[in-house]
């Protein structure tokens, strides 16, 4: 077998291939399992869940839990379902992802193409922000947000997510731009392009793959955040807090089917992002972040 | 001769612009990361209870912290968890990446399946996992219903084994991501090297062990860093799965810190545990960053 | 005062000075080549002219205007890069007119300039392609086109041919030379390839370790290298450098070369001034083409010396045959006509054109001036 | 890019403005009543307020019996942006009052005569330094046992009233092949059971040990006995208990899988929701040996300091609305708890509810109404959690015997104080 057209030049025997397929499928099952559990139980009536087998298909199929989770379940005092919180999340996630990605791109651009003394130190210091446990910043963050007058507001949440996101986005873009020929920047300078013109006209158009990585990463992290959302969301709480309210009621009746439906609803945007952009994700990783 | 050696305005602006652009991020990092770390460090020496106060108590919080059995449990747990989690995730990720790289039909379907858990928060999947691991309704029951009556899988209920269930769920969540990183690394390897090795007579196994895996070193390093910080930060995973139980058998530094700071009104002790966590993270990250940035210079 | 003046220019990174007091005046229409091994400072100097790197000391002036601190785009220069630096997201046409666009040149004018240059370089048919779809040679042309469109005062070339294969490189070299002759532009050209330097330039600056070792016409550089470095760097195969001692025979200075077996050969110098060096060690420099078979010796030379030696290797190169011998304990190469009959192991009587020989002071490595 | 920034900033500014406008004369309420029944119950309050012209801005944060809400609260207060009213339990109220963060409701309370109708044990939490700082909504009593009637009948025994009878019933149920005790292995559930056990050993002992934190009582023989009983109860629980939600344990009792559950009055909702009728399908009794005494927890709304006069007025309106007897009745019927004031008519309540109200009134007069340790009404959070640690460890068999556990408890409580 000619290996020329292969992804790798490795050729494998028939038995080995069968084994590989089997193993890959087994893993796929493993990964899909929780999703299956959630899915299957979200279309069962409650009695079937509390009484029965969590793996079994429903005897009675129902979409009521989904309707309930989306529009009628009790989240706070109002039986609004998750619907309004969805909008809150979008209002927070979109600007936060956009800003942190653009800032990360600009930082990466400066750190690779406009190097200065101590730039690696600056980068190292910024990078460390990826690694601090968010629980510890809660109280001081509250003080700062209060001082800025951003406490309990969407802009406040956006600020928080941008602050703790730029470490990652800067890392991604820096690694990506490091491989981008500096000569192009010089050529553009001689051509008379300024700092921002070079960025917009030369670098940004070729940043697609890494922008995908950055957006996916930021989108999932911010969308899934609960701690900041609950603490700084105020009256515009994001989806996760609503979902948590739905799922975590301590002294009320637990409607597991609604919980599962709500959980899937809350996860849909990130799922869609991963499935749609997944292929670019690997490509983007290839282009930037795992290069030595 | 017009001898003006002073740079014109535009040039000076262009000199300053990059730094100006970077400055907000840097300032924000200094304040929101290092300022807050300093704040936490200061808190750890105070008698803060429910809200921060600045009554100096010296090393008292640290002494109390190390005397708490739960903290020691947390330390042991994180050691077990981090080791297993990093090793298994890396192994599974590498295995899947290598297999997926064999021109597999349906790669486009399999890849998102492996990746999607990373997209979900444990607030979403926690309940499903809890159920699945629960002997009464989950795997054990299902397997028994299938006819294997003696099957037993009660780890999550067993104080000694519960930590391993957390490893399983954690591996489930991130191994796909690690797979993607390795896959990217594999795709980046020059095919000619592989052909050369095959001509040299290397078997597939030797090819991977001697040539490919050493070439994946950057991917290994990135994976290690990402996994280790996820391990140390792991919080919602534990809360969703075991709530720190049975008893406090699955207490981790992150859950420990959260509970002392926010629910037990012992902010001083919480802060001291945070400082120790940060020092651990720094001990892992700083040498890596140093080596990484030094090399690239 | 030249068209492009580099006056006492130095460059330091921190405490490390990487470029030491460079002084070059380039006339209008001149083709100056900066040549030297990697790390010699030639690219740094070029970048300083371009304004891509700051100037630590001294001045650079273009057309009498000191440009220290002036932004690259305001210097009216254009640059061709080693990797061509074509913007991958733009078409060839957009690439070429980007600079004009940035300088606010109106569109019709840009189109006209583009059409002219595209025609000149015969790349009209490529204008709508992306750089990724071009061959190496085509990219090279586009990169030059991008510079030409700007119609700058000074063209800067940073090793523009080093990414091409051997054949294309030769073709493009000729092309650049033709362009220069046609357009009479002022060019500063950086290369590490001494053949490019020799063939293209009107003047060469040979650089090493941050110093300009010698500045001169190609002929000056080749025939009268200022020091050992220039002598060995320029020319291929390199100049033979043979340890020798100056002896006087009949009051005339000779170079005495002692072989490993103790045998001494003596070659008469053409320069009487070397008498002053009697009894001292020198390095004798003879280019391979000055050591030939007797029939191939330069008939205009007034000082052909015979040298009998054993041939160790012969390398027929088609047009010439290179013959290696051992002289003064070192390999020395002779350049023979292709039909000279010589075989390895044989002894052979070489003809050495001592008119072309130069002597270097071993201590300073500088050429001993006649 | 600059244009984009501008529009973003503008959009954010507009957002910020609209949110601040919405807050003007409303009450912003932080609470964790998010499940169907509870939320509907709070909805009553919201509607009452709306009728009086006070708007309601909802900020629900559920999770862990208010833990997440308290974290959010801390962030809000630190940010200088405290919500107007916050659902709060026991010692949290006192802690916040001690920080000086709570508003003074004394004028309203005096005018409305709260001190005459609210049990003294509750007032201990609602007031700080003689000032009213919170309005109690309900009283949950935690020392209940919910028994599946069929399972009880199958034992041929009567509902137990003493520890020994309880053990007898449990043993019989075990013989009958069901799990005698439906229990969820979460610290607070174990602590709830433990509350009952300690109370069954005497109200004075309960107060000395868990409220006054007397080291002698905590480490003494009676406490050793309490732990022995707890360990004994463990033997009636199935192996699959750990991490189980309380309502799944309730479901076990409802389905007849388990015989009984020791849980607060909120469990009733699960039984009712499953269509079970008190007295016929299930029996509610006080934890054996605790009839006449009640351990309670009380949800209260604490009002946070506000500088804005409109908001202060809204707070007063809200406090009044909470203490309105009609609301107290309506809310507690839904919630399964009993009203926080003793003068509310019991017409609307079911059997268990009526019994709860009677028990509360009786305990209030007799002075046997105690704050529940498990629910943060006996000791501050640090002590509570330290106690949890020991109880959970004991229940999971980490101590050799009750005496060892008691010693550990005394030590842990001392360390946490």
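The values are calculated or read from the model by the stated rules, or taken from the named source; none is laboratory data. None of the values given here were measured: they were computed from a predicted structure. Quick reminder, even Gly has a Cβ in these numbers, built from the backbone with ideal geometry, and neighbours come from all protein chains shown.
Can you name every residue in the stretch B:283-297 that is surrounded by 11 or more Cβ atoms within 10 Å (Cβ to Cβ) and modelled with pLDDT of 75 or more?
If we filter the stretch B:283-297 for residues that are surrounded by 11 or more Cβ atoms within 10 Å (Cβ to Cβ), which is where we start, we get B:284-286, B:288-293, B:296.
Within the stretch B:283-297, B:284, B:285, B:286, B:288, B:289, B:290, B:291 qualify.
This table checks each residue for (1) within 14 Å of chain D (Cβ to nearest Cβ); (2) buried (at least 24 other Cβ atoms within 10 Å of the Cβ); (3) more than 23 Å from the chain's Cα centre (by Cα); (4) more than 30 Å from residue B:53 (Cα to Cα).
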| position | (1), (2), (3), (4) |
| --- | --- |
| A:69 | yes, yes, no, yes |
| A:88 | yes, no, no, yes |
| A:121 | no, no, yes, yes |
| A:126 | no, yes, no, no |
| A:131 | no, no, no, no |
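Kindly provide the set of residues from the stretch B:273-287 that are in contact (Cβ under 8 Å) with a residue 60 or more places away in the chain and more than 10 Å from chain A (Cβ to nearest Cβ), ordered by number. Before you say what the answer is, go through the steps one by one.
Step one: list which residues in the stretch B:273-287 are in contact (Cβ under 8 Å) with a residue 60 or more places away in the chain, which gives B:273-276, B:278, B:285.
The one that is in contact (Cβ under 8 Å) with a residue 60 or more places away in the chain and more than 10 Å from chain A (Cβ to nearest Cβ): B:276.
Taking the stretch A:17-48 as the region of interest, how many residues are assigned to a helix (DSSP H, G or I), buried (at least 16 other Cβ atoms within 10 Å of the Cβ) and more than 9 Å from chain B (Cβ to nearest Cβ)?
3
Do we find a residue being without any contact (Cβ under 8 Å) to a residue 24 or more places away in the chain and surrounded by fewer than 19 Cβ atoms within 10 Å (Cβ to Cβ) anywhere in the stretch D:288-305?
Narrowing the stretch D:288-305 to residues without any contact (Cβ under 8 Å) to a residue 24 or more places away in the chain: none.
Looking through the stretch D:288-305, none of the residues is without any contact (Cβ under 8 Å) to a residue 24 or more places away in the chain and surrounded by fewer than 19 Cβ atoms within 10 Å (Cβ to Cβ).
Please verify whether the stretch B:232-248 includes one or more residues that are more than 10 Å from every other protein chain (Cβ to nearest Cβ) and part of a helix (DSSP H, G or I). Let's see the steps before the verdict.
If we filter the stretch B:232-248 for residues that are more than 10 Å from every other protein chain (Cβ to nearest Cβ), which is where we start, we get B:237-238.
Subsequent filtering for residues that are part of a helix (DSSP H, G or I) retains B:237-238.
Among the residues of the stretch B:232-248, at least one is more than 10 Å from every other protein chain (Cβ to nearest Cβ) and part of a helix (DSSP H, G or I), which makes the answer yes.
Test of understanding: among A:180, A:199, A:173, which residue is touching a residue at least 24 places away in the same chain (Cβ under 8 Å), in contact with a helix residue (DSSP H, G or I) (Cβ under 8 Å, 6 or more places away or on another chain) and at the interface with chain C (Cβ under 10 Å from one of its Cβ atoms)? Walk me through it before giving the result.
Numbers: A:199 fails: at the interface with chain C (Cβ under 10 Å from one of its Cβ atoms); A:173 fails: at the interface with chain C (Cβ under 10 Å from one of its Cβ atoms).
The match here is A:180.
Residues in the stretch B:174-201 that are more than 7 Å from chain A (Cβ to nearest Cβ), surrounded by 19 or more Cβ atoms within 10 Å (Cβ to Cβ) and free of Cβ contacts under 8 Å to residues at least 24 places away in the same chain: how many?
So the count comes out to 1.
Mind counting the residues in the stretch B:189-231 that are more than 30 Å from residue B:277 (Cβ to Cβ) and either at pLDDT 80 or above or part of a helix (DSSP H, G or I) (or both)?
Step one: filter the stretch B:189-231 for residues more than 30 Å from residue B:277 (Cβ to Cβ), giving B:189-215.
If we keep only those that are either at pLDDT 80 or above or part of a helix (DSSP H, G or I) (or both) too, we end up with B:191-199, B:204-215.
Adding up the residues that qualify gives 21.
Residues C:104, C:69: which one is outside any helix (DSSP H, G or I), closer than 30 Å to residue C:27 by Cβ and either within 14 Å of chain B (Cβ to nearest Cβ) or modelled with pLDDT under 85 (or both)?
Values: C:104 fails: closer than 30 Å to residue C:27 by Cβ.
Step by step, each of C:104, C:69 is checked, and only C:69 is outside any helix (DSSP H, G or I), closer than 30 Å to residue C:27 by Cβ and either within 14 Å of chain B (Cβ to nearest Cβ) or modelled with pLDDT under 85 (or both).
Is it the case that some residue within the stretch C:77-96 is assigned to a loop (DSSP other than H, G, I, E, B) and in contact with a strand residue (DSSP E or B) (Cβ under 8 Å, 6 or more places away or on another chain)?
Here is the first cut: in the stretch C:77-96, the residues assigned to a loop (DSSP other than H, G, I, E, B) are C:81-91.
With in contact with a strand residue (DSSP E or B) (Cβ under 8 Å, 6 or more places away or on another chain) added as a condition, the list becomes C:81-82.
Taking every residue of the stretch C:77-96 in turn, at least one turns out to be assigned to a loop (DSSP other than H, G, I, E, B) and in contact with a strand residue (DSSP E or B) (Cβ under 8 Å, 6 or more places away or on another chain).
Test of understanding: among D:207, D:232, which residue is in the same structural domain as residue D:376 (by TED's automatic domain parsing), at pLDDT 90 or above, touching a helix residue (DSSP H, G or I) at 6+ places or on another chain (Cβ under 8 Å) and assigned to a helix (DSSP H, G or I)? Before you say what the answer is, go through the steps one by one.
Numbers: D:207 fails: touching a helix residue (DSSP H, G or I) at 6+ places or on another chain (Cβ under 8 Å).
That would be D:232, the only listed residue that is in the same structural domain as residue D:376 (by TED's automatic domain parsing), at pLDDT 90 or above, touching a helix residue (DSSP H, G or I) at 6+ places or on another chain (Cβ under 8 Å) and assigned to a helix (DSSP H, G or I).
What number goes with the only condition from (1) modelled with pLDDT of 80 or more; (2) more than 9 Å from every other protein chain (Cβ to nearest Cβ); (3) loosely packed, with under 14 Cβ neighbours inside 10 Å that residue A:14 does not pass?
Failed condition: (1).
Could you go through the stretch A:249-266 and let me know if any residue there is modelled with pLDDT of 75 or more, within 14 Å of the chain's Cα centre (by Cα) and either crowded, with 24+ Cβ neighbours inside 10 Å or within 30 Å of residue D:334 (Cα to Cα) (or both).
Taking every residue of the stretch A:249-266 in turn, at least one turns out to be modelled with pLDDT of 75 or more, within 14 Å of the chain's Cα centre (by Cα) and either crowded, with 24+ Cβ neighbours inside 10 Å or within 30 Å of residue D:334 (Cα to Cα) (or both).
Let's see how each residue does on (1) outside any helix (DSSP H, G or I); (2) under 20 Å from residue B:286 (Cα atoms); (3) within 10 Å of another protein chain (Cβ to nearest Cβ):
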| position | (1), (2), (3) |
| --- | --- |
| A:85 | no, no, no |
| A:98 | no, no, yes |
| A:145 | no, no, yes |
| A:152 | yes, no, yes |
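Of all residues in the stretch C:216-237, count the ones that are in contact with a strand residue (DSSP E or B) (Cβ under 9 Å, 6 or more places away or on another chain), touching a residue at least 12 places away in the same chain (Cβ under 8 Å) and over 17 Å from residue C:370 (Cα atoms).
So the count comes out to 8.
Applying the selection to the stretch D:85-116, what residues are over 19 Å from the mean Cα position of the chain (by Cα) and assigned to a helix (DSSP H, G or I)?
Within the stretch D:85-116, the first condition is being over 19 Å from the mean Cα position of the chain (by Cα), and the residues that meet it are D:97-116.
Scanning the stretch D:85-116 gives D:97, D:98, D:106, D:107, D:108, D:109, D:110, D:111, D:112, D:114, D:115, D:116.
Given the criterion modelled with pLDDT under 90, buried (at least 20 other Cβ atoms within 10 Å of the Cβ) and assigned to a helix (DSSP H, G or I), identify the matching residue among D:124, D:40, D:72, D:82. Explain how you work it out, then say what you get.
Values: D:124 fails: buried (at least 20 other Cβ atoms within 10 Å of the Cβ); D:40 fails: buried (at least 20 other Cβ atoms within 10 Å of the Cβ); D:82 fails: assigned to a helix (DSSP H, G or I).
D:72 is the lone residue from the list that is modelled with pLDDT under 90, buried (at least 20 other Cβ atoms within 10 Å of the Cβ) and assigned to a helix (DSSP H, G or I).
Here are some conditions: (1) more than 12 Å from chain B (Cβ to nearest Cβ); (2) assigned to a helix (DSSP H, G or I); (3) over 19 Å from the mean Cα position of the chain (by Cα). Residue C:8 meets all but one. Which one does it not meet?
Unmet condition: (2).
Among the helices (runs of 4 or more DSSP H) confined wholly to the stretch B:21-139, which include 2 or more residues that are closer than 27 Å to residue D:240 by Cα and more than 14 Å from chain A (Cβ to nearest Cβ)? Show your work before the answer.
Working: elements: B:36-43, B:60-67, B:69-100, B:107-115, B:122-133.
Passing ranges, in order: B:69-100.
Against the conditions (1) touching a strand residue (DSSP E or B) at 6+ places or on another chain (Cβ under 8 Å); (2) at pLDDT below 75, where does residue D:10 fall short? Just the number, please.
(1)
Need the failing condition index for residue D:54 against (1) at negative phi; (2) at the interface with another protein chain (Cβ under 10 Å from one of its Cβ atoms); (3) not in a helix (DSSP H, G or I), just the number.
It is condition (2) that residue D:54 fails.
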